[in-house]
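The values are calculated or read from the model by the stated rules, or taken from the named source; none is laboratory data. Everything quoted here is computed from the prediction, not taken from an experiment. Note: accessible area is taken over every heavy atom of the protein model, side chains too, but ligands, DNA and RNA are not part of it. Shrake-Rupley method; radii C 1.70, N 1.55, O 1.52, S 1.80 Å.
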Amino acid sequence: MDRKTFLKSLVTIGAAVPCLSLAAKAGGAQPDTTKCENGTCQSDAGAVRQFLSDFVGKEEKNLDRAILHKLMVQRGRACCRNLQFRQDLITKSNGDVDTLVELMGKIVGPDNCRRAGNQVTLTYPVKKCVCGWSPDRPPMPDDPYCDCSAANNQSLFETVSGRPVGVKVLESPRRGGVHCVFELQLS
């Protein structure tokens, strides 16, 4: 097995680790609801995030963009499942996107989480990446860590709405912008 094949396999395994406790139910047939049903999916989240952060930091240059994007999306979805405050938002929203927008507004400020029809604009009003697991490095136009944050927010809104949600990173300090700004398109 060559180095590239080995790295692809390791990335796939690393991205799947946070999902294993959810897949264990019902013979592995349980769908990914992005909701931590019983708390066990949160038990090793820190270790997994640290492993992935260390791995990506060391191997990012060896991975093609499509694989790196896939890894970051899976990491973002796993974080949504494993972060208690995200689980609290899901529970408190009770399936209502307007309630989620209101609750997010209490965290980021009401002007920073707005809904207009099927579009939600979410702005984190700080001038740095809010993820404590992302590397400290100069901005780059296509920083893959933004894919992780986008997927995290996408998963949150998909879980509450029960429908697919599109997401775009409009701005990010990691990509040379001032704030993290996401556009979420509800279906």
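Measuring between alpha carbons in the structure, the pairs from 127/168; 70/106; 92/128 lying more than 22 angstrom apart are 70/106; 92/128.
For segment 68-126, the fraction of 1.4 Å probe accessible surface lying on carbon and sulfur atoms is 50 percent.
Can you give the Kirkwood hydrodynamic radius for segment 41-187, in Å, rounded to one decimal and based on Cα pairs? Write down the numbers at each step before the final one.
On the way: mean 1/r = 0.0641 Å⁻¹.
Hydrodynamic radius (Kirkwood, Cα pairs) of segment 41-187 is 15.6 Å.
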